[in-house]
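For reference, the structure is listed below as structure tokens.
The values are calculated or read from the model by the stated rules, or taken from the named source; none is laboratory data. Just so we're clear, the structure is a prediction, and the values are computed from it rather than from any experiment. Virtual Cβ from ideal backbone geometry, glycine too; neighbours counted across all protein chains shown. SASA here: full protein model, heavy atoms, side chains in, ligands and nucleic acids out. Shrake-Rupley method; radii C 1.70, N 1.55, O 1.52, S 1.80 Å.
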Amino acid sequence: GHERTIFKMRDLVDAIIAHPGAAQGLATDLLKAYVTPEPSCLMVTEFAKIIRAQNFNLRAAVAMLFKSNLFYNRQFANT
């Protein structure tokens, strides 16, 4: 399981980020909000990699998303 002892607020943040599904969940929510209501598993996986590579700096990750071809793909223009 994924268990942590929380003593300070920083411990809580670290525990959330360390959770195996954290990047996937964030990727799913951000893709749904900015790209398509039904992101593919591949989209989620790839964007989760970016989120982890950016050390959960969501400002940087979202900036990368906004600069990506995916964001400007006409397939998702009206979603």
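Worth pointing out:
- Cα extents for the chain along the principal axes, largest to smallest and rounded to whole angstrom: 47, 23, 17.
- Straight-line cross-link partners of LYS8 among the lysines, defined as a Cα under 28 Å from its Cα and at least 8 positions apart when in the same chain: LYS49.
- Carbon and sulfur %, accessible surface of region 14-79 computed with the full protein complex present, 1.4 Å: 55 percent
- Taking the longest Cα principal axis of the chain as reference, the axis of helix 22-34 is set at about 30 degrees.
- Residues in the chain average 74 Å² of solvent-accessible surface per residue, probe 1.4 Å, ligands and nucleic acids excluded.
- The chain, helix-only ellipticity at 222 nm - DSSP H runs n ≥ 4, -39,500 (n - 2.57), divided by all residues, nearest 500: -18000 deg cm²/dmol
- Computed from the C-beta positions of ARG59 and GLU38, the FRET efficiency with R₀ = 30 Å rounds to 0.75.
- With respect to the chain, whose longest principal axis is taken over its alpha-carbon atoms, helix 41-53 is tilted by about 50°.
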